[in-house]
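The values are calculated or read from the model by the stated rules, or taken from the named source; none is laboratory data. Just so you know, these numbers come straight off a predicted model, no measurement behind them. Heads up, the Cβs are rebuilt from the backbone with ideal geometry, glycines too, and the neighbour counts pull from every protein chain shown.
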Amino acid sequence: MDNAIDKIILGVDPGTVVMGYSVVHIIKGKVHPVLMDIIKLNTKLDHYTRLATIFDELSAVVEQHKPDEMALEAPFFGKNVQSMLKLGRAQGVCMATALSKKIPVFEYSPRLVKQSIVGNGNASKEQVSGMLQAMFPGIEHNYLDAFDALAVAACHHSQTTGISAPKHGSGATKSKSKKGRSSSWDQFIQQNPERLK
């Protein structure tokens, strides 16, 4: 099997309250969504118990679908140290889950993911989900985090193969994003307070 054109990618949108994940099968260079779901974490539990839940549930996904690669959305850096720390730990647990199975891990900034899917690095979550639904008719989920995870997987495929996602509207791009600024992280926290508690 040529992994450049036929492989399974696990896309993850890390979170400490809701974590999105997706599994896509690349067949002859085309993205075929297999699974799109979330891990909803109990906010009444302590942070370490939630991290253990992430590891256990993501490990089960890895065991079942046996991905060749994991693609993660990387958090922005900003002034809210506690929020960064918690989200960074969740991301680290996701990485450890893959690395413990010798699965390569790749990280992408939210801006690059949005740029790859929508053609606009400042696109909203709703615009990303709308574009994905246009690209892959029939997919649906109640949580935007699940769509974000699918977007990360599709972005990874585009970035590593040079094959852009299907173009709708302004299309996709291969340009690398610049390092996120503090204001971007602060804006993320304000728009997504439920992700970090």
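Below are the figures for this structure:
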read-out	value
Only one of Ala98, Ala71 that is in contact (Cβ under 8 Å) with a residue 60 or more places away in the chain and over 13 Å from the mean Cα position of the chain (by Cα)	Ala98
Ala98 being aliphatic (A, V, I, L, M), surrounded by fewer than 17 Cβ atoms within 10 Å (Cβ to Cβ) and at pLDDT 95 or above	no
Checking Gly29 against (1) at negative phi; (2) touching a residue at least 12 places away in the same chain (Cβ under 8 Å), the condition it does not meet	(1)
Thr43 being assigned to a loop (DSSP other than H, G, I, E, B) and either among the hydroxyl-bearing types (Ser, Thr, Tyr) or free of Cβ contacts under 8 Å to residues at least 60 places away in the same chain (or both)	yes
Residue in the stretch 80-100 that is assigned to a loop (DSSP other than H, G, I, E, B), under 23 Å from Val62 (Cα atoms) and not aromatic (Phe, Trp, Tyr) present	yes
Arg111, sole failed condition from (1) of a type outside the set (Gly, Ala, Ser); (2) in contact with a helix residue (DSSP H, G or I) (Cβ under 8 Å, 6 or more places away or on another chain); (3) under 21 Å from Leu144 (Cβ atoms); (4) buried (at least 21 other Cβ atoms within 10 Å of the Cβ)	(4)
Residue count, the stretch 132-158 (criterion: of a type in the set (Gly, Ala, Ser) and surrounded by 24 or more Cβ atoms within 10 Å (Cβ to Cβ))	5
Test: residue in the stretch 120-131 that is farther than 18 Å from Gly15 by Cα, out of contact with any helix residue (DSSP H, G or I) (no Cβ under 9 Å at 6 or more places or on another chain), surrounded by fewer than 21 Cβ atoms within 10 Å (Cβ to Cβ) and of a type in the set (Gly, Ala, Ser)	no
Thr16 polar (S, T, N, Q), out of contact with any Ser or Thr (no Cβ under 8 Å at 6 or more places or on another chain) and surrounded by 18 or more Cβ atoms within 10 Å (Cβ to Cβ)	yes
Hits in the stretch 36-56 - residues which are closer than 26 Å to Thr160 by Cβ and surrounded by 17 or more Cβ atoms within 10 Å (Cβ to Cβ)	Met36, Asp37, Ile38, Ile39, Ile54
